[in-house]
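The values are calculated or read from the model by the stated rules, or taken from the named source; none is laboratory data. Computed from a predicted structure; not experimentally measured. Positions of Cβ are generated from backbone atoms using ideal geometry, with glycine treated the same way; all protein chains shown enter the neighbour counts. Please note that ligands, DNA and RNA were not included when accessible areas were found on the heavy atoms of the full protein model with its side chains. Shrake-Rupley method; radii C 1.70, N 1.55, O 1.52, S 1.80 Å.
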Amino acid sequence: MKQELLYEGKAKQIYSTANPDEVIIYYKDDATAGNGAKKAQFEDKGRLNSEISRMIYIDLMKNDIKTHLIKSVNEREQLCHKVDIILLEAIVRNIAAGSLVKRIGLEEGKKLNPPILEFCYKEDSFNDPLINDDHAVALGLATHEELDFIRGEMRKINDYLKALWLEVGIDLVDFKIEFGRMKDGTIVLADEISPDTCRLWDSKTGEKLDKDRFRQDMGGVIEAYEEIHRRLKDRT
Ligand code: UDP
């Protein structure tokens, strides 16, 4: 049962529970882009993202990836281990898009083999800047050993996710994940994996089925999330 609101982010709320080591994560319908510059609400987005993320997490856990997820409470809420989030956005790119195209001029759609791994410092006041390992260590975010471990998890997770999405006719362009530390120091995958945090292109048509529809005012945002949800659901 949810108790006190501990934290409210752009798309989720975190509540305490009777167990101090567990929290309930509630998925909101809010959408933001450009570091909060653009805001909207999409009815049902929270439910769809919670369900999409849960289905993906269950698959990753079957493949021995350690995560914060304990179980879903209902369609919008998940019971999770309480973790201290490491203030890094761990980004994996299989195809050039988004900020990579803007920053270094690679053509959108160019295949990246091997994938590009990036870390950004999760700090809104600096606009989540791209940093390297030495910066992360200097900021006290993680040790070099922890960063190596995280990179290994990023590669494994990318391999599983690429295969999973391909099974449902989707090319995984790029995605952002986050990690957290449990009480005993173990690093686990935390936060969501959904069309808010991945770029997902239909393998046949190239149609964008992710948050870029909102970022680029393309319309059909919720319809795209519903399509992703349906394809994953039909697979299980
Ligand atoms: N991403 C995210 N949250 C962020 C920034 C990026 O989930 O705060 C995801 C984004 O959806 C994409 C990937 O990370 O799948 C790479 O994003 P990019 O660096 O290209 O930034 P963007 O163009 O989204 O600003």
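Here is a yes/no grid of residues against (1) open to solvent by 10 Å² or more (accessible area, probe 1.4 Å); (2) among the hydroxyl-bearing types (Ser, Thr, Tyr); (3) in a helix (DSSP H, G or I):
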site: ILE24; (1), (2), (3): no, no, no
site: ALA40; (1), (2), (3): yes, no, no
site: ARG54; (1), (2), (3): yes, no, yes
site: MET61; (1), (2), (3): yes, no, yes
Hey, does the range 108-115 have a residue that's part of a strand (DSSP E or B), farther than 29 Å from TYR225 by Cβ and away from the ligand (no atom under 16 Å from the Cβ)? yes
Cβ pairs under 6 Å, 6+ apart or interchain, first in the range 102-129 and free of Cβ contacts under 8 Å to residues at least 24 places away in the same chain, second among the aliphatic types (A, V, I, L, M) and in a strand (DSSP E or B), ordered by first then second residue, are LYS111/ILE95
Selection over the range 117-136 where residues are open to solvent by less than 50 Å² (accessible area, probe 1.4 Å) and either more than 10 Å from the ligand (Cβ to nearest atom) or assigned to a strand (DSSP E or B) (or both) yields a count of 9
Within the range 180-201, residues more than 12 Å from the ligand (Cβ to nearest atom), open to solvent by 10 Å² or more (accessible area, probe 1.4 Å) and of a type outside the set (D, E, K, R) come out as MET182, GLY185, THR186, ILE187
Hits in the range 138-147 - residues which are closer than 16 Å to ARG181 by Cα and surrounded by 12 or more Cβ atoms within 10 Å (Cβ to Cβ): LEU141, ALA142, THR143, GLU146, LEU147
Among the residues of the range 203-217, is there at least one that is over 30 Å from ASP148 (Cα atoms) and surrounded by 22 or more Cβ atoms within 10 Å (Cβ to Cβ)? yes
If I go through the range 153-170 residue by residue, how many of them are within 12 Å of the ligand (Cβ to nearest atom) and either out of contact with any Leu (no Cβ under 9 Å at 6 or more places or on another chain) or open to solvent by 40 Å² or more (accessible area, probe 1.4 Å) (or both)? 0
So LEU100, is it among the aliphatic types (A, V, I, L, M), closer than 23 Å to TRP201 by Cβ and assigned to a loop (DSSP other than H, G, I, E, B): no
Consider the range 64-90. How many of its residues are within 16 Å of the ligand (Cβ to nearest atom) and either assigned to a loop (DSSP other than H, G, I, E, B) or open to solvent by 20 Å² or more (accessible area, probe 1.4 Å) (or both)? 4
Is at least one residue of the range 27-34 exposed (fewer than 13 other Cβ atoms within 10 Å of the Cβ) and in contact (Cβ under 8 Å) with a residue 24 or more places away in the chain? yes
Of the listed residues (GLU107, GLU123), the one being of a type in the set (D, E, K, R) and either closer than 27 Å to TRP201 by Cα or in contact with a Ser or Thr (Cβ under 6 Å, 6 or more places away or on another chain) (or both) is GLU107
